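Novice: Supplied in structure tokens, the structure appears directly below.
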Amino acid sequence: MKTLDEILLEVERPSRYIGGEFGEPSIKKEKFNYCICFPDVYEVAMSNLGIRIVQEVINQVDGAMADRCFAPWPDFGSRLKENKIPLYSLGLRIPLKEFDMLGFSLQYELSYTTILYMLDLAGIPLLAKDRGEEYPLIQGGGPCAVNPEPIADFFDLFVIGDGEDSMRELAELKLKTKTKREFLEKATEIKGVYVPSLTHPEYDEKGNIVKFVGKKVEKAFCLDLENAVFPKTQTVGNAEAVHDRAVIEVMRGCYRGCRFCQAGFIYRPVRKKSVKTLTEQACSLVRTTGFDSLSLNSLSTSDYKDLRELITSLKENLPENTSVSLPSLRIDSFDEFYAKEARKNSLTFAPEAGTQRLRNVINKDISEEDIVSGAKKAFELGYSLIKLYFMMGLPTETEEDIKGIRRIIETIKGVYSENPKRLRGLRINVSLSTFIPKPFTPFQWEEFISEETNKQKLEQVKTHLFAKGTTVSWNDYCVSELETVLARGDRRVAKVILSAYNQGCIFDSWGEFFYKDKWNLAFEENGVSKEDYKRAIKKGDILPWEFIDIGVSKNFLYKEKERAYGEKVTGGCHTGCKGCGLEGRCTLL
């Protein structure tokens, strides 16, 4: 402890590593000890609602305890290694290797090397096959778990889908079993649990998957969100979190069905909470934490049909100085009532595509009239900074679609010039992200654009989009390329991840730590081609995530792909059931 105290005085932001935060759950060692591990820095981890829910679920199980551990920044991590101090939990400062199970939150594919970094600092073998009974079980969960194959070699088990019930059942099972083997074999009977050692893919001579040997995994569903476990308070960070406010989950899932959006499909069906429950949860969080800001969390909060009633209830029951943040306003459902209540310096809208034709392709059912109407209302409320999100490299995209982004910008400028209340110059920030064909979307069969095509599109962007009062930004092609490979990969990618880590790759999502050359070398050393995972996939090909059933049928997804090429809008769940395969579980029905 003396050595640790000395190290803390020498590193950046020691508050990340000391624990003891205000509102931290009171815990002690139990028969089953679980640690939630988030493979990113403290400020990012403390903003995540999912890990707080899982911690609450585990801590409610008699005889179980859940602690936390986040990835240390390289300055602290290197000092731990130099001084042979194993990575420890924040609450009880127990070395990670002394826990019974470590649960990693898989939020982003580029965090995979950081997972290995945390295991390495903890003194735990990186490969599951090298870990005996003396080491903790390594479990993964979160959105990236819908294709766990690229990291399957490092994990003992995954929870695919909602964790409220499955994590409780896992904790209860662990309390009853004696060996890892017994636990893992019985764990496969729990909805959503995948054990890689009990399932494996078989390949043909060309490297294509021909079948999976093992049990099909059905996603875990928490259908009764109203009565699901939700923490009555939240820990207040020692360092300011990225989203430093109280957070409540308004609803889970999204009505819309945008064809590129993985979250919109893997979180189906839509489940929501009542105004009464949300008000009670908000009041409890604000009262116990002292936060003066509350965030209403969901994939599309403005689609919550009782939003006006909810905001009115929150205003009546929360302290007078509490602001309400709506992080996911949609331009076609922009309502000045709650936009005014949630007033900020800027508004963010995501048209995603520059033309109506391409918006039809991606099932983004908003029109130019919606954009004009939303912008007009925003300007009447005094907003003068608009952030617009678009995607580049979408299926069927042409130069005309990129030119269309400029037309939207000019249209918004025209609306602003007609506003008599304008007090300052309009600023428009345009953010372009590269389309990634993610698993369990209608576009999962699409190819990822080549680097040459990407360069051509960027030249078009520079030609058409740069204008006075407008800033344009885009992401690094190599980062998006790697995300594509990790998102669509199979088990052969694991050795690439391991090689990249051994060469020093960690925190790949942080620009200063992304090493393109090291990753390229890792692919080359292991004889794995990125092109195998960037290519278009044939309809009959077996997908690396084929053994997972998220409830949405593969047939429905392919029909949506065909409708996309026909430029047909399917619409969302709120306009009637589309027969995606979840009819038996959908609360809307």
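The values are calculated or read from the model by the stated rules, or taken from the named source; none is laboratory data. Computed from a prediction, not measured in an experiment: that's the story for all the values here. As a convention, Cβ positions derive from the backbone with ideal geometry for all residues, glycine included, and neighbour counts pool all protein chains shown. Quick note on the areas: whole protein, heavy atoms, side chains included, nothing else; ligands and nucleic acids left out. Shrake-Rupley method; radii C 1.70, N 1.55, O 1.52, S 1.80 Å.
Novice: Limited to the range 157-186, what total is found for residues that are touching a Ser or Thr at 6+ places or on another chain (Cβ under 9 Å), open to solvent by 30 Å² or more (accessible area, probe 1.4 Å) and not in a helix (DSSP H, G or I)?
Specialist: Result for the range 157-186: 0.
Novice: Also: List every residue pair whose Cβ atoms sit under 6 Å apart, with the two residues 6 or more apart in sequence or on different chains, where the first one lies in the range 546-572 and is at positive phi and of a type in the set (Gly, Ala, Ser) and the second, anywhere, is surrounded by fewer than 19 Cβ atoms within 10 Å (Cβ to Cβ) and in a loop (DSSP other than H, G, I, E, B).
Specialist: 551/581; 571/365
Novice: Related question: Which residue out of 51, 58, 36 is in contact (Cβ under 8 Å) with a residue 40 or more places away in the chain, assigned to a strand (DSSP E or B) and either touching a Phe, Trp or Tyr at 6+ places or on another chain (Cβ under 9 Å) or open to solvent by 10 Å² or more (accessible area, probe 1.4 Å) (or both)?
Specialist: Only one candidate passes the filter, namely 36.
Novice: Follow-up. For the range 409-454, name all the residues that are surrounded by fewer than 21 Cβ atoms within 10 Å (Cβ to Cβ), assigned to a loop (DSSP other than H, G, I, E, B) and among the basic types (Lys, Arg).
Specialist: If the condition is that a residue be surrounded by fewer than 21 Cβ atoms within 10 Å (Cβ to Cβ), assigned to a loop (DSSP other than H, G, I, E, B) and among the basic types (Lys, Arg), then 421, 422, 424 are the ones that fit.
Novice: Is it true that residue 382 is assigned to a loop (DSSP other than H, G, I, E, B), on the phi > 0 side of the Ramachandran plot and modelled with pLDDT under 95?
Specialist: Working: assigned to a loop (DSSP other than H, G, I, E, B): yes; on the phi > 0 side of the Ramachandran plot: yes; modelled with pLDDT under 95: yes.
When the stated conditions are applied, residue 382 passes them.
Novice: Further, regarding this structure: Look through 30, 56, 12, 24 and report the one residue that is among the acidic types (Asp, Glu), over 29 Å from residue 109 (Cα atoms) and over 19 Å from the mean Cα position of the chain (by Cα).
Specialist: So the residue among 30, 56, 12, 24 that is among the acidic types (Asp, Glu), over 29 Å from residue 109 (Cα atoms) and over 19 Å from the mean Cα position of the chain (by Cα) is 30.
Novice: For residues in the range 456-512 being free of Cβ contacts under 8 Å to residues at least 12 places away in the same chain and outside any loop (DSSP other than H, G, I, E, B), which is surrounded by the most Cβ atoms within 10 Å (Cβ to Cβ)? So that I can check it myself, show each step before the final result.
Specialist: Residues of the range 456-512 that are free of Cβ contacts under 8 Å to residues at least 12 places away in the same chain, as a first pass: 456, 459, 462-463, 466, 468, 502, 510, 512.
Then drop every residue that is not outside any loop (DSSP other than H, G, I, E, B), which leaves 456, 459, 462-463, 502, 512.
Details: 456: 13, 459: 11, 462: 11, 463: 12, 502: 15, 512: 6.
Result: 502.
Novice: Quick check on residue 366: is it in a loop (DSSP other than H, G, I, E, B), at pLDDT below 95, under 28 Å from the mean Cα position of the chain (by Cα) and surrounded by 17 or more Cβ atoms within 10 Å (Cβ to Cβ)?
Specialist: The answer is yes for residue 366.
Novice: What strands (runs of 3 or more DSSP E), lying completely within the range 190-257, carry at least 3 residues that are buried (at least 20 other Cβ atoms within 10 Å of the Cβ)?
Specialist: Values: elements: 200-203, 209-213, 246-249.
Hits in the range 190-257: 246-249.
Novice: Being part of a helix (DSSP H, G or I) and either among the polar types (S, T, N, Q) or touching a Pro at 6+ places or on another chain (Cβ under 8 Å) (or both) is the filter here; which residues of the range 564-577 pass it?
Specialist: Listed by number, the residues that qualify are 564, 565, 573, 575.
Novice: So residue 562 ticks every box in (1) modelled with pLDDT under 95; (2) open to solvent by 40 Å² or more (accessible area, probe 1.4 Å); (3) more than 27 Å from residue 109 (Cβ to Cβ) but one. Which box is left unticked?
Specialist: (1)
Novice: Residues to consider are 268, 287; find the one that is of a type in the set (D, E, K, R), outside any strand (DSSP E or B) and under 28 Å from residue 573 (Cα atoms).
Specialist: When all the criteria are applied, what remains is 268.
Novice: Also, I was wondering about something else. So, residue 78, is that one of a type in the set (Gly, Ala, Ser) and open to solvent by 40 Å² or more (accessible area, probe 1.4 Å) or not? Give the steps one after another, and end with the answer.
Specialist: Values: of a type in the set (Gly, Ala, Ser): yes; open to solvent by 40 Å² or more (accessible area, probe 1.4 Å): yes.
Yes, satisfied.
Novice: Take residue 585 and decide whether it is closer than 23 Å to residue 211 by Cβ and of a type outside the set (Val, Ile, Thr). If you could, list the steps in order and put the result at the bottom.
Specialist: On the way: closer than 23 Å to residue 211 by Cβ: no; of a type outside the set (Val, Ile, Thr): yes.
Here the answer is no, as residue 585 does not meet what is asked.
Novice: Among the residues of the range 549-559, count how many are in a loop (DSSP other than H, G, I, E, B) and surrounded by fewer than 18 Cβ atoms within 10 Å (Cβ to Cβ).
Specialist: Summing the residues that are in a loop (DSSP other than H, G, I, E, B) and surrounded by fewer than 18 Cβ atoms within 10 Å (Cβ to Cβ) in the range 549-559 gives 1.
Novice: Sticking with this structure for a sec: Within the range 293-326, how many residues turn out to be in contact with a strand residue (DSSP E or B) (Cβ under 9 Å, 6 or more places away or on another chain) and outside any strand (DSSP E or B)?
Specialist: 16
Novice: Looking only at the range 6-23, filter to residues that are open to solvent by 50 Å² or more (accessible area, probe 1.4 Å) and part of a loop (DSSP other than H, G, I, E, B); which one of those is nearest to residue 66 (Cα to Cα)?
Specialist: 20
Novice: Determine whether residue 371 is at pLDDT below 90, within 27 Å of the chain's Cα centre (by Cα), in a helix (DSSP H, G or I) and of a type in the set (Val, Ile, Thr).
Specialist: Here the answer is yes, as residue 371 does meet what is asked.
Novice: Cβ-Cβ under 8 Å, sequence separation 6+ or interchain: first residue in the range 123-145 and open to solvent by 10 Å² or more (accessible area, probe 1.4 Å), partner in a loop (DSSP other than H, G, I, E, B) and among the acidic types (Asp, Glu). Which pairs?
Specialist: Hits for this filter: 128/156; 131/156.
Novice: Of the residues 567, 546, 531, only one is open to solvent by 40 Å² or more (accessible area, probe 1.4 Å) and either of a type in the set (A, V, I, L, M) or under 17 Å from residue 448 (Cβ atoms) (or both); which? So that I can check it myself, show each step before the final result.
Specialist: Working: 567 fails: either of a type in the set (A, V, I, L, M) or under 17 Å from residue 448 (Cβ atoms) (or both); 546 fails: either of a type in the set (A, V, I, L, M) or under 17 Å from residue 448 (Cβ atoms) (or both).
One residue alone meets the criteria, 531.
Novice: Identify, from the list 105, 111, 89, the residue that is open to solvent by less than 20 Å² (accessible area, probe 1.4 Å), over 18 Å from residue 31 (Cβ atoms) and in contact with a strand residue (DSSP E or B) (Cβ under 6 Å, 6 or more places away or on another chain).
Specialist: 105
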